[in-house]
Amino acid sequence: MEGGDSPTGSGDVGRIYPARGWTVGRNSPIRRSSNAFGGVIEPWHHRCKGAPSTSSGAQFAVRDGPSPRMSLNPNSLRRTLAATLILTAGAGCIPTPPGGTARDPRRDVPESYAGLSDSSNSGLIVWSEFFDDPHLTALVEKALHDNQELNITMQEAWIANAEVLGRTGDYLPQVGFGLDAGVEHVGAFTSQGRSDEDHGVAANLQDYGFGLYASWEIDVWGRLRNLANAAAHRYLASIEGRNLLVTRLVAEIASNYYQLMALDQQLQVVTDNIALQENGLAMVQAQFQAGRATSLAANRFEAELRGMQSAQYDIQQRIVETENQINFLVGRFPQPVERSTANFLELQPAAMSVGVPSQLLENRPDIRQAEREMAAAGLDVQAARAAFYPSLGIDGTIGFQSFDITQLLRTPDSLLYSIFAHIFAPLLNRRGLKAEYFAANSREMQAVLRYERAVLVGVIEVSNRVSLIHNLSEGYALKQQQVDRLAQSIAISNQLFNSARADYLEVLTTRRESLEAQIELIEMKQRQMEATVTLYQALGGGWRRTGLGPEPGTAFDDRGDAQNVEEATR
């Protein structure tokens, strides 16, 4: 059959619309066709049929058949281009967002922390080198592999990586394959049926076809590339989100570990004081039997002993809960936590170097994440702005179609192909585009403010931790002196009580104050160790480690090959 799928063999100029299946011939009536490409061949002069009313469009097609030629004469083409340019000139006008456009973020930070000046930075130290306790490093190592929240966050990063893969394919040509077969019967009392009868076309007309179809949106204004780069920045932001969770996880495990050691020390102190109080109670009871002490003194000593024994059980419960919190963080069921048996009060906090505030911009994952999200939001604005401009696309098809399957591969009679370009520009009812553009601008402003807030929070956190470490060091020295003086007071009060020169209340008060001071000294040591850990976290320490999922700046393509996203987004 000549001229593609037209039974008249007219060789009409045509174009294909996907998934319609209507064949329009210039010299023949309109008829239904099960086009092998799920599409329709339509002459150029029907180009506006079915086009959205909110746009202006122009298509330029070549004929279907063995030899292509342009269906438009030069004058018609110039008129079409001129009309399109006039119509799209208004379409390119960008409205002003009611909330304004985003400004550049403020990146100025103080030159130093409260007068400190140090080029070295403890936040650059790998966590396995920062902590020297093998039990603690073993817990962190296990948590980095088995912590559920961290693994959930890792999957979020892989989801973002898949988004990058999808976006980078948007501005590449799309090619597909179509294959179909069908039969069509047109009523005899229709114009189409009469025409088929006059031309000797069978009443039940079969239709077979197959071929390739392709479409390509040419990224003239960079909209697709901006969307792809925005996805890449969000992927990098998800990696920084993972790093942020790693720093929090490392700090939380270390803090709970030191709390567990502090509780062990407190339990030991309470146990020692219980033994001391039991000796005191025995002594008072002996004096009571001898008539040298009252029953009130014996009762007060026993009440004090029962209070210490109750506190002992409370500490034991807190030890169990702290162990289980560590077990939860490392992703395992309750079990004893191995830990150092060294005297907790003999631990010395690590010497910290804070560097300068500007280093936080590179070290802290939350600031790096906010910066990536800000970059992605800016690219979203550019993509939303490009949506107001005309889009240019090219579609093409090549294949075979015939009502006689034995002639399906006959060339050139059954050969069918078409290629056309189209320009689309929004004109009326652009509220959706405006809404997306306005929203994108507001989201960019939010991202800028979040970035500035992250920088501000980072500088303040470091400043607070530096001050806390200094004040805890001074306070710990004074608290140690208090504990030493109270220990001496216990010995003195016992001597005075035994020689009847001091009341039993003085003995009880001295022992109670000594126990409280020892507990406070342990708690202050715990705060010292935790302050060091949180300063390490505030400096951005803890996330630098190889072998934990994709490295920052790396994505994976559909073949699993690593790609440098950093380079692609520049």
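Brief remarks on what is shown
- Of the residues screened, Gly355 is one that is touching a strand residue (DSSP E or B) at 6+ places or on another chain (Cβ under 8 Å) and at positive phi.
- Those residues of the range 365-404 which are more than 18 Å from Asn226 (Cα to Cα) and in contact with a strand residue (DSSP E or B) (Cβ under 8 Å, 6 or more places away or on another chain), in sequence order: Ile394, Asp395, Gly396, Thr397, Ile398, Gly399, Phe400, Gln401, Ser402, Phe403, Asp404
- Only residues that are within 30 Å of Ser391 (Cβ to Cβ) and assigned to a loop (DSSP other than H, G, I, E, B) were counted across the range 184-219, and they come to 1.
The rows are residues; the columns are (1) among the β-branched types (Val, Ile, Thr); (2) crowded, with 19+ Cβ neighbours inside 10 Å; (3) touching a residue at least 60 places away in the same chain (Cβ under 8 Å).
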site	(1), (2), (3)
Tyr389	no, no, yes
Ser414	no, yes, yes
Tyr417	no, yes, yes
Pro426	no, yes, yes
Arg430	no, no, yes
Leu433	no, no, no
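- The range 413-465, subset assigned to a strand (DSSP E or B) and among the aromatic types (Phe, Trp, Tyr), residue farthest from Pro390 (Cα to Cα): Tyr417
- Residues satisfying the stated conditions in the range 173-191, i.e. touching a residue at least 24 places away in the same chain (Cβ under 8 Å) and either touching a Cys at 6+ places or on another chain (Cβ under 8 Å) or of a type in the set (A, V, I, L, M, F, W, C) (or both): Val175, Phe177, Leu179, Ala181, Val183, Val186
- Only one entry of Val356, Val381 meets the criterion of being β-branched (Val, Ile, Thr) and at pLDDT below 95, and that entry is Val356.
- Scanning the range 473-489 for any residue that is β-branched (Val, Ile, Thr) and at pLDDT below 95 turns up nothing.
- Failed condition for Gly547, given (1) at pLDDT 95 or above; (2) part of a loop (DSSP other than H, G, I, E, B): (1)
- Search result, residues across the range 365-412 that are in contact with a Ser or Thr (Cβ under 8 Å, 6 or more places away or on another chain) and in a loop (DSSP other than H, G, I, E, B): Tyr389, Pro390, Leu408, Arg410
- Within the range 175-211, the residues that satisfy the criterion of being surrounded by 12 or more Cβ atoms within 10 Å (Cβ to Cβ) and acidic (Asp, Glu) are Asp180, Glu184, Asp196, Glu197, Asp207.
- Listed by position, the helices (runs of 4 or more DSSP H) enclosed by the range 97-172 that each have at least 3 residues that are without any contact (Cβ under 8 Å) to a residue 60 or more places away in the chain are 134-146, 148-168.
- So Ser353, is it of a type in the set (S, T, N, Q), surrounded by fewer than 19 Cβ atoms within 10 Å (Cβ to Cβ) and within 34 Å of the chain's Cα centre (by Cα): yes
- Of all residues in the range 223-250, those satisfying the criterion of being over 28 Å from His135 (Cα atoms), of a type in the set (Gly, Ala, Ser) and under 13 Å from the mean Cα position of the chain (by Cα) are Ala230, Ala231, Ala232, Ala237, Ser238.
- Residues of the range 275-309 classified as free of Cβ contacts under 8 Å to residues at least 60 places away in the same chain, within 55 Å of the chain's Cα centre (by Cα) and crowded, with 17+ Cβ neighbours inside 10 Å, total: 1
- Output for the range 277-315, where each listed residue is among the β-branched types (Val, Ile, Thr), modelled with pLDDT of 90 or more and closer than 20 Å to Leu496 by Cα: Val284
- Here Val462 does not qualify as more than 30 Å from Gly123 (Cβ to Cβ), β-branched (Val, Ile, Thr), touching a helix residue (DSSP H, G or I) at 6+ places or on another chain (Cβ under 7 Å) and modelled with pLDDT of 95 or more.
- Residue match in the range 321-329 (condition: in contact with a His (Cβ under 8 Å, 6 or more places away or on another chain), surrounded by 15 or more Cβ atoms within 10 Å (Cβ to Cβ) and at pLDDT 95 or above): no
- Verdict on Arg332 being assigned to a helix (DSSP H, G or I), of a type in the set (Lys, Arg) and either modelled with pLDDT under 95 or under 40 Å from the mean Cα position of the chain (by Cα) (or both): no
The values are calculated or read from the model by the stated rules, or taken from the named source; none is laboratory data. All of these numbers come straight from a predicted model, not from anything done at the bench. Quick reminder, even Gly has a Cβ in these numbers, built from the backbone with ideal geometry, and neighbours come from all protein chains shown.
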